[in-house]
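The values are calculated or read from the model by the stated rules, or taken from the named source; none is laboratory data. Owing to the predicted nature of the structure, the values given are computational and were not obtained by experimental measurement. As a convention, Cβ positions derive from the backbone with ideal geometry for all residues, glycine included, and neighbour counts pool all protein chains shown. These area figures cover heavy atoms from the full protein model, side chains too; ligands, DNA and RNA do not enter into them. Shrake-Rupley method; radii C 1.70, N 1.55, O 1.52, S 1.80 Å.
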Amino acid sequence: PTANIGVVGLAVMGSNLARNLASREGNTVAVFNRSYEKTETLVTEHPEAGFVPASTYEEFAAALQKPRTAIIMVKAGGPTDAVIDELMRVFEPGDIIIDGGNSLFTDTIRREKAVREAGFNFVGMGVSGGEEGALLGPSLMPGGPDEAWVTLGPILRSIAAVAEGEPCVTHVGHDGAGHFVKMVHNGIEYADMQLIAEAYDLIRRGTGKTPAEIADVFAEWNRGELESYLIEITAEVLRQNDAATGRPLVDVIVDEAGAKGTGAWTVQTALDLGVPVSGIAEATFARSLSSHREQRDVSGALPGPSDDAFTVPDADAFIEQVRLALYASKIVAYSQGFDEIRAGAAQYGWTIDLGAISRIWRGGCIIRAQFLNRIADAYAAEPELPVLLSAPYFVEALGRAQAAWRDIVQIAAGAGIPAPAFSSSLAYYDGLRAERLPAALIQGQRDFFGAHTYRRTDKPGTFHTLWSGDRTEIEAEDTH
Ligand code: 6PG
């Protein structure tokens, strides 16, 4: 056998990852695809890669040195299970099977257990960075056992993106930890994208600037504290003109956002864990709303503010306010996302280094940004930080931004422009700030209709008021 690593599934992501692996010193890559045609094409188009093509799983296994190490890059769900079964058929105990797809972390936990019981190592690995990242350097989020990391670590370090001299890969935690963290990465990605979209919409409607002019605004923002891949590509998209019509491409694209489900998973999981990821949730729901064309057809029938013409008096000042609102809301979204990782780790028994996660997201992935250095600093100073946005740097930034943030949310509401992620992030922030929340009233209501009991501020214990009796209070068993 000549290959030290193999790739199964040669669609764009798989092919690019295989080429990335092959381009690194010391790697020889075996490649396999269900239809051999794709394998042949890849091998012929990239003779420089020195691929070892396999036309059957048996050939693939025979081409790999032990412990055999294979990365699966096929569709999440059934196709992934099918490939795992085939690899277990031809591999031997101790070999390492890696799933690099966007798998649901609970599937990864299930698979890891089954594969481990059969004597193999299984690693669920989040891969971010799209096609280009896979080819030139992705951010990698492997889970799985320590034993697999020994073999895998050096290989993954060799192909990952590099940020501030460090490869963007770390052993995230056991079994499903890597896919969990990738899921939250995608949830944050949804929030980032929605916040940028809201900023664009407000600027366009408030200042009348053209998409190309707004591209300049984003390009400018990309030189400051908002510097990030998503801000950078936003400028590119806004600057693009449609060849067929000569209009800005953004005006030709149907305004219904798609989603492959990872944002929804992040929200569903957060609901189960009881973590308020409201920014991510609003971003996910905003995509859903946009894609319900049949409901949006009522748009003309719904009354809006009396003065529909919305123009801000000072465009530059307004744009700066929007920038600050975006920055503050972004801090909230990341804080919520890291909160979900912390809660997930506690629930599933993973030890996850939150600072390391922020560092491996600095390069390669879709949410890569300068900003992640600030998060890394915050966790370096206080690893057990209970809520990320309470770190001194973010407190200062939020303090600087909050007046503008409030203005923007008010202006949006007044003008009838939806800004769900901006406004829900602000509500979350004010919720955290509040000394007393009206949750006390909710507890009273719950006790009234369901004897759900409440705790008192002035003494320990659990209490119930006899609402349908004489309304005296009794000590009660805690029913939550
Ligand atoms: C990445 C991305 C990627 C994701 C796409 C599409 O990290 O490279 O997160 O994994 O699949 O962004 O996601 P949606 O189709 O759900 O927008």
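The table that follows gives values for the structure above.
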read-out	value
Pair list, Cβ < 8 Å and 6+ apart or interchain, from region 127-142 residues that are closer than 17 Å to GLY165 by Cα and without any contact (Cβ under 8 Å) to a residue 12 or more places away in the chain to residues that are part of a strand (DSSP E or B) and more than 8 Å from the ligand (Cβ to nearest atom)	none
Qualifying positions in region 360-417 - away from the ligand (no atom under 16 Å from the Cβ) and outside any helix (DSSP H, G or I)	GLN370, GLU382, PRO383, GLU384, LEU385, PRO386, VAL387, ALA391, GLY416, ILE417
Residue in region 121-137 that is under 14 Å from ILE96 (Cβ atoms) and within 13 Å of the ligand (Cβ to nearest atom) present	yes
Boolean, PRO142 is at pLDDT 95 or above, more than 21 Å from ALA11 (Cβ to Cβ) and more than 13 Å from the ligand (Cβ to nearest atom)	no
Residue in region 24-42 that is among the small types (Gly, Ala, Ser), out of contact with any His (no Cβ under 6 Å at 6 or more places or on another chain) and in a helix (DSSP H, G or I) present	no
Given (1) free of Cβ contacts under 8 Å to residues at least 60 places away in the same chain; (2) touching a Leu at 6+ places or on another chain (Cβ under 9 Å); (3) part of a helix (DSSP H, G or I), number of the condition PRO154 does not satisfy	(2)
Selected residue (only one of LEU324, LEU289, LEU249, LEU271 is at pLDDT 95 or above and touching an Asp or Glu at 6+ places or on another chain (Cβ under 8 Å))	LEU249
Test for PHE371: is it of a type in the set (A, V, I, L, M, F, W, C), under 24 Å from ALA160 (Cα atoms) and touching a residue at least 24 places away in the same chain (Cβ under 8 Å)	yes
Within region 94-110, tally of residues that are of a type outside the set (Gly, Ala, Ser), away from the ligand (no atom under 16 Å from the Cβ) and surrounded by fewer than 22 Cβ atoms within 10 Å (Cβ to Cβ)	3
ALA30 open to solvent by less than 10 Å² (accessible area, probe 1.4 Å), without any contact (Cβ under 8 Å) to a residue 60 or more places away in the chain and farther than 24 Å from GLU147 by Cα	no
Top-ranked residue of region 212-232 - restricted to ones that are within 25 Å of PHE285 (Cβ to Cβ) and part of a helix (DSSP H, G or I), ranked as farthest from the chain's Cα centre (by Cα)	ILE214
Options GLY355, GLY337; residue that is surrounded by 21 or more Cβ atoms within 10 Å (Cβ to Cβ), farther than 30 Å from GLY304 by Cα and either small (Gly, Ala, Ser) or free of Cβ contacts under 8 Å to residues at least 12 places away in the same chain (or both)	GLY337
Flag for ALA244 being open to solvent by 60 Å² or more (accessible area, probe 1.4 Å), among the small types (Gly, Ala, Ser) and within 24 Å of the chain's Cα centre (by Cα)	no
Selection count where residues are more than 21 Å from GLN370 (Cβ to Cβ), part of a helix (DSSP H, G or I) and not hydroxyl-bearing (Ser, Thr, Tyr), scope region 322-353	8
Residue list for region 255-288, filter: open to solvent by 90 Å² or more (accessible area, probe 1.4 Å) and more than 15 Å from the ligand (Cβ to nearest atom)	LEU271, ASP272
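Residues are listed down the side, and each one gets a yes or a no for (1) under 23 Å from GLU92 (Cβ atoms); (2) open to solvent by 30 Å² or more (accessible area, probe 1.4 Å); (3) touching a Pro at 6+ places or on another chain (Cβ under 7 Å):
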position	(1), (2), (3)
PRO1	yes, yes, no
GLY6	yes, no, no
ARG34	yes, yes, no
VAL52	yes, yes, no
TYR57	yes, yes, no
GLN65	yes, yes, yes
ARG68	yes, no, no
